[in-house]
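The values are calculated or read from the model by the stated rules, or taken from the named source; none is laboratory data. Please read all numbers here as calculations on a predicted model, not as lab measurements. Backbone-built Cβ (ideal geometry, glycine too); neighbour counts: all protein chains shown.
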Amino acid sequence: MQFLKGYNGFHKTVAIGLIILVVLAILRGFMVISGGNLLVKVDRTLTLKPKDIWPYIVQPDLRDNWVVELVDHAPLSGQPYEVESSRLLFWKRDFRRWSGTETTETITPQRFYRSYIVSQTFRSNWTVELEALGNCQTKISYSILMREEDYTSRYFAFLKKSTEAEKLGRSLDALDEWASRDSDCEKEM
């Protein structure tokens, strides 16, 4: 540490600190280009049967009711419960609107649903898993693996994780409310 002694020691320390910051920023930039994915997952146990929840996951007209910010859809090809079927989705947040194309990738009836969404602002895998825990008890795992299209948005995507998790949680609250209307399961108070 002899080189830090004297008048130039402070300046050398500042220069080394700045070099470290620049190297870390470049490293973070490289990670964003090669990765930049944001995984958000919420698990919840609902007092519903999988058969009560399933239509709200597969049918786009029912999904419009409970997925936060999703306002409409338009079918493109196939039936919603078929693999490789596709549809246009329309979202709204405050006064901003955007659209995208969703393609169904995997379906296991009343157990698993995965689709791939491409929009102007992001690409994502939308996944819902249902696990029957008993009579009128279903564990639902709702996750989104998202990649922003804009580099700056990808760079700071980690800042949006709590907001996205909150939206998924609000969506599950709405799903519970909507699916309960058609269910014969009694809610615990």
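Values for this structure:
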item: Checklist (1) in a loop (DSSP other than H, G, I, E, B); (2) over 24 Å from L172 (Cβ atoms) applied to V68, failing item; result: (2)
item: Residue under evaluation S141, criteria (1) farther than 12 Å from T45 by Cα; (2) under 12 Å from the mean Cα position of the chain (by Cα), criterion not met; result: (1)
item: Search result, residues across the range 138-184 that are of a type in the set (S, T, Y), assigned to a helix (DSSP H, G or I) and either surrounded by 14 or more Cβ atoms within 10 Å (Cβ to Cβ) or touching a residue at least 24 places away in the same chain (Cβ under 8 Å) (or both); result: Y151, S153, Y155, S171, S180
item: Condition broken by R147, with the remaining ones in (1) within 11 Å of the chain's Cα centre (by Cα); (2) modelled with pLDDT of 85 or more satisfied; result: (2)
item: Among residues of the range 82-116, those that are among the hydrophobic types (A, V, I, L, M, F, W, C) and either buried (at least 17 other Cβ atoms within 10 Å of the Cβ) or not in a strand (DSSP E or B) (or both), counted; result: 5
